[in-house]
Every structure is written in structure tokens, then in C-alpha cells.
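Okay, structure first, notes after.
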Amino acid sequence: MKILTKHFIVEFIKPLVFLLIAFTGLSVLSDFFRDLNLFFQPDVRTHHVLQYLAFTNLHKSFQLLPIATLLAVLFSFNTMAKNGEFVAIKVSGADLKKIFVPMLGAGLLISLVSFVAVFYLVPPVVRKGYEIKNRVFLKIDTNAATRKRRKVSMIISPKSRMHVGFIDMDSRLMEDVVLYEYDSNFRFSSETRAKKAEWEGENWRLTDALRRVYLADEIVSEKKIKSLNLKVADPSELIFDSVYPEEMTFAEHIRRLNNLKKTGAPYLLEKIRFQYRIAATFSNFII
């Protein structure tokens with residue numbers, strides 16, 4: 001039985017490796033011709049091109065792995081059927097169902113390896129590839145990327161919302177801050193406006209604030225406050241850099257989703273991308 005198991009696995013691995021290399025090679029060629037105009041620049045070296053293609057196509061290898069797995073199963077079984085190996089196994093008295101169990105084990109192992117690679121090993125490599133593209137080909141200084149946003153909305157709690165006209169991550173400064181609080185019927189209970197807010201390590205300090213209290217949508221009191229501490233989110237949670245899903249580890253993707261929810265930004269598409277990454281890795285076992 002061990003000999004047959006080893007034989008099945010070897011017959012499966014050989015076409016799998018060949019197909020994976022072939023598919024990845026086609027992907028590299030496709031990217032090469034797509035970005036060909038970027039490569040013919042005076043200061044671009046051959047190693048820049050090779051590194052960029054290798055680093056950015058690593059995650060595509062794992063995206064193509066389920067297709068390679070499916071075809072490898074079909075090719076290996078078809079070859080063994082043509083050679084009459086299944087008939088010989090049945091004639092020898094061996095149970096074919098038990099022989100196929102190692103194939104399921106191989107599928108599960110491939111899925112687990114793919115999950116670890118996609119969420120922990122691949123992101124730093126892919127990130128480096130995109131950095132080469134921005135720095136060498138597009139001449140973009142990634143260190144000087146903008147850290148400013150306008151019109152940021154946040155869900156602080158089920159009964160409070162905050163809107164910010166402008167936020168600067170580098171100077172840890174917010175301008176035109178409006179904090180809304182609601183009652184159990186989701187009607188205005190209070191409103192706090194401030195021209196400026198500065199980050200102090202654990203909370204925001206609002207200066208020159210105006211607080212209004214409402215009752216039945218009518219203002220019942222109004223008070224000016226020179227300084228007010230507001231414990232909201234860390235500034236890093238308010239700015240969302242433009243990144244590809246394959247650049248994020250499992251924890252980073254979860255954190256991004258939570259931050260999007262917290263700020264009230266649309267997150268459904270990001271959630272679908274995250275779930276797709278998980279489903280894609282375990283599709284190998286299903287196939």
C-alpha cells in the first residue's frame with residue numbers, strides 16, 4: 001500500500017509542478033509585455049525588471065495553483081487509466097478507495113501551505129515588487145506619499161458619529177471637527193463643533209469648541225469650551241493607503257477591515273477580497 005501511495009503522489013506531483021511553472025511563466029510574459037514601455041528607460045537595469053516580475057508574480061502562482069491542481073489530477077488519473085494501472089490494482093485485491101485517501105491528504109496539505117504562504121510569506125515580497133515599480137519605473141517617492149485626507153466620517157459608537165473636514169497624519173492635526181450624538185430613537189441629543197483638534201498620544205484635544213444640546217430637535221443649551229479631550233481612534237486608523245490585497249498579511253487585512261468599519265467607510269468590497277483570498281487557498285482541497 002505504501003508503494004502505491006507513493007506512486008500516486010509522484011504521478012500527481014509531476015504534472016502539478018510542470019503546470020504551475022508553465023502558468024506562472026505565461027503570467028510573467030504577460031506582465032512583461034504589458035509594462036514593456038516602463039522597462040526601456042535609461043536608469044532601469046535588468047535586475048530591476050527581473051526582481052519586479054518575480055516579486056509581483058509570486059502571489060499569482062498561488063492564484064493559479066487551484067487550476068494547476070485540477071489539471072494535474074485529471075492528467076495523472078488519465079495516464080494511469082490508459083496504462084491499465086487501476087485495473088491492475090483492483091486485480092491485486094487492493095481497495096481503490098483507500099488508495100485515493102492520500103490524494104485528499106495531498107490536497108489538504110497544498111491548501112494549508114498555500115494559506116500560510118498567501119497570508120504570511122507572499123505579502124512582504126509582493127510589497128517589495130510594487131515598491132520597485134513605483135521607485136524605479138514610475139519615479140514615485142513612496143516615502144513622501146501623501147498622508148492627508150478630506151471629509152473623513154467615523155462611527156465612534158452606535159449612538160455617535162464624527163465628521164472631519166481635513167486631517168493631516170504627519171502633523172497629527174484635524175480641522176473642522178463635528179461630533180454628533182444621538183438618543184435611543186436616533187435623534188440629535190448633542191452636537192460638538194471644533195475648528196481644530198490635535199493628537200496627544202491617547203486622545204484628541206479639541207480647541208475652541210462649541211457644544212449644543214438638543215431636545216426634540218430643538219437647541220436647549222449652547223456652551224463654548226476652550227479645550228475638550230476626545231478619545232477616538234489613533235490617526236493611523238483614519239488614513240487608508242492604497243494597497244493591493246496581496247500586500248497585506250492576515251492580521252493587516254483584518255485590521256484594515258475593522259478600521260474601515262470604524263470610520264464608516266464602505267468595506268464590503270474589501271471584505272469580499274479578504275474572503276476570496278481564504279477561499280482560493282482551500283479550493284485546492286475541494287478540487
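The values are calculated or read from the model by the stated rules, or taken from the named source; none is laboratory data. Source: prediction; values computed, not measured. Here Cβ is always computed from backbone atoms with ideal geometry, including for glycine, and neighbour counts include all displayed protein chains. For the accessible areas, the whole protein counts, side chains as well, though only heavy atoms, and no ligand, DNA or RNA atoms are used. Shrake-Rupley method; radii C 1.70, N 1.55, O 1.52, S 1.80 Å.
For this structure, a couple of remarks:
- Residue under evaluation Met169, criteria (1) at pLDDT below 85; (2) out of contact with any helix residue (DSSP H, G or I) (no Cβ under 7 Å at 6 or more places or on another chain); (3) of a type outside the set (Phe, Trp, Tyr), criterion not met: (2)
- Within region 106-122, the set of residues being open to solvent by less than 40 Å² (accessible area, probe 1.4 Å) and more than 17 Å from Ala279 (Cα to Cα) comprises Ala106 only.
- Given (1) more than 10 Å from the chain's Cα centre (by Cα); (2) farther than 30 Å from Val73 by Cβ; (3) surrounded by 14 or more Cβ atoms within 10 Å (Cβ to Cβ); (4) at pLDDT 90 or above, number of the condition Glu270 does not satisfy: (1)
- So Gly93, is it small (Gly, Ala, Ser) and either within 28 Å of Val17 (Cβ to Cβ) or under 32 Å from the mean Cα position of the chain (by Cα) (or both): no
- Only residues that are touching a Ser or Thr at 6+ places or on another chain (Cβ under 7 Å) and under 16 Å from Lys151 (Cβ atoms) were counted in region 170-193, giving 2.
- Cβ-Cβ under 7 Å pairs, at least 6 apart or on other chains, region 59-78 side among the basic types (Lys, Arg), far side assigned to a helix (DSSP H, G or I): Lys60/Thr24; Lys60/Ser27
- Any hit, region 150-160, residues being free of Cβ contacts under 8 Å to residues at least 40 places away in the same chain and open to solvent by less than 80 Å² (accessible area, probe 1.4 Å): yes
- Region 44-80 - residue that is assigned to a helix (DSSP H, G or I) and β-branched (Val, Ile, Thr) and, of those, most open to solvent (accessible area, probe 1.4 Å): Thr46
- Residue that is open to solvent by 80 Å² or more (accessible area, probe 1.4 Å), in contact (Cβ under 8 Å) with a residue 60 or more places away in the chain and closer than 20 Å to Ser160 by Cα, where the choices are Lys231, Lys195, Lys261: Lys261
- Hey, Phe100 modelled with pLDDT under 95, out of contact with any Cys (no Cβ under 6 Å at 6 or more places or on another chain) and among the aromatic types (Phe, Trp, Tyr) or not: yes
- Of all residues in region 168-188, those being open to solvent by less than 80 Å² (accessible area, probe 1.4 Å) and over 14 Å from Val232 (Cα atoms) number 7.
- Residue check, Lys139 touching a Gly at 6+ places or on another chain (Cβ under 8 Å), at pLDDT below 95 and surrounded by fewer than 14 Cβ atoms within 10 Å (Cβ to Cβ): no
- Candidates in region 198-208 are the residues that are within 17 Å of Lys224 (Cβ to Cβ) and modelled with pLDDT under 90; of these, the one that is least open to solvent (accessible area, probe 1.4 Å) is Thr207.
- Cross-chain or 6+ apart pairs with Cβ under 9 Å, region 115-133 first and within 14 Å of Thr281 (Cα to Cα), then surrounded by 18 or more Cβ atoms within 10 Å (Cβ to Cβ) and of a type in the set (Phe, Trp, Tyr): Ala117/Phe62; Val118/Phe62; Val122/Phe62
- Scanning region 249-287 for residues that are of a type in the set (A, V, I, L, M, F, W, C) and outside any helix (DSSP H, G or I), we see that the one that is nearest to Ile155 (Cα to Cα) is Ala265.
- Residue count for region 216-231, restricted to those that are small (Gly, Ala, Ser) and within 42 Å of the chain's Cα centre (by Cα): 1
- Checking each residue in region 1-37 for being hydrophobic (A, V, I, L, M, F, W, C), open to solvent by 100 Å² or more (accessible area, probe 1.4 Å), more than 30 Å from Leu138 (Cβ to Cβ) and part of a helix (DSSP H, G or I) picks out Ile3, Phe18.
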